[in-house]
Amino acid sequence: MESGIVMLQVLFSPKETHITIYPSNPVSFGTNVTLTCKSKGSPSREMNYTWYKRGQEMLIAQDRKITFILNDKNTGLYFCRAQNKHGNQSSPEFQLTAHGQDGHSIPLIAGCVGGIVAVLTLSAIGFCTSAKKKKQWGDNVGENNSLNQATSTARAECL
């Protein structure tokens, strides 16, 4: 009887597929971010990876890693799919967020701040216009000097 070494290679579809991020989540806007799709499968050298972003529902990349500079357009839910000749598996969705992001986008916050500034500016203009009208009304009916002085002070502050 011959004795020898028998090599057994077990081939299987991808499993334990998941996403890792560098640097760790959450990340600041403007930071260079790398997402890596990891999976166990055999043969591992024949593994293919595809990337998807929820809401786009189309292939966004075909590589084990994707790298980009984080901005408000590329935050969101990502998932990857690992595939070899024995099958495929998708990762759970991964939520990519920016540090300080609480669901509101930068344009929305900027719009709110702009709206508040506009309301305050219009209020100041309205006050100044009202003060000028009161002064003119007081001059026409001969109001006492104390009211005219108060109105003049308010008018000077508006100029």
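Go through the range 26-51 and give me each residue that's crowded, with 17+ Cβ neighbours inside 10 Å and not in a strand (DSSP E or B).
Result: MET47, single match.
I'm trying to understand the selection: among the residues of the range 86-118, which are assigned to a loop (DSSP other than H, G, I, E, B) and either at pLDDT below 95 or within 14 Å of GLY30 (Cβ to Cβ) (or both)?
Across the range 86-118, the qualifying residues are THR97, HIS99, GLY100, GLN101, ASP102, GLY103, HIS104, SER105.
Quick check: is even one residue across the range 1-12 more than 18 Å from THR97 (Cα to Cα), modelled with pLDDT of 95 or more and not aromatic (Phe, Trp, Tyr)? Steps first, answer last, please.
So the first thing to find is which residues in the range 1-12 are more than 18 Å from THR97 (Cα to Cα), and the list is 1-12.
Adding the requirement that they be modelled with pLDDT of 95 or more leaves 12.
Subset that is not aromatic (Phe, Trp, Tyr): none.
No, there is no match, as no residue in the range 1-12 is more than 18 Å from THR97 (Cα to Cα), modelled with pLDDT of 95 or more and not aromatic (Phe, Trp, Tyr).
Take the residues of the range 54-70 that are among the basic types (Lys, Arg) and assigned to a loop (DSSP other than H, G, I, E, B): which is modelled with the highest pLDDT?
Restricting to residues being among the basic types (Lys, Arg) and assigned to a loop (DSSP other than H, G, I, E, B), the top hit is ARG64.
Quick test of your reading of the structure: ALA61 fulfils all but one of (1) open to solvent by 30 Å² or more (accessible area, probe 1.4 Å); (2) without any contact (Cβ under 8 Å) to a residue 24 or more places away in the chain; (3) within 31 Å of the chain's Cα centre (by Cα). Name the failing condition by number.
(1)
List the pairs whose first member sits in the range 1-14 and is assigned to a loop (DSSP other than H, G, I, E, B), whose second member is among the basic types (Lys, Arg), and whose Cβ atoms are under 9 Å apart, counting only residues at least 6 apart or on separate chains?
LEU11/LYS85
The values are calculated or read from the model by the stated rules, or taken from the named source; none is laboratory data. Note that this is a predicted model, so its numbers are computed, not measured. Here Cβ is always computed from backbone atoms with ideal geometry, including for glycine, and neighbour counts include all displayed protein chains. Side chains included, ligands, DNA and RNA excluded: accessible areas come from the protein's heavy atoms. Shrake-Rupley method; radii C 1.70, N 1.55, O 1.52, S 1.80 Å.
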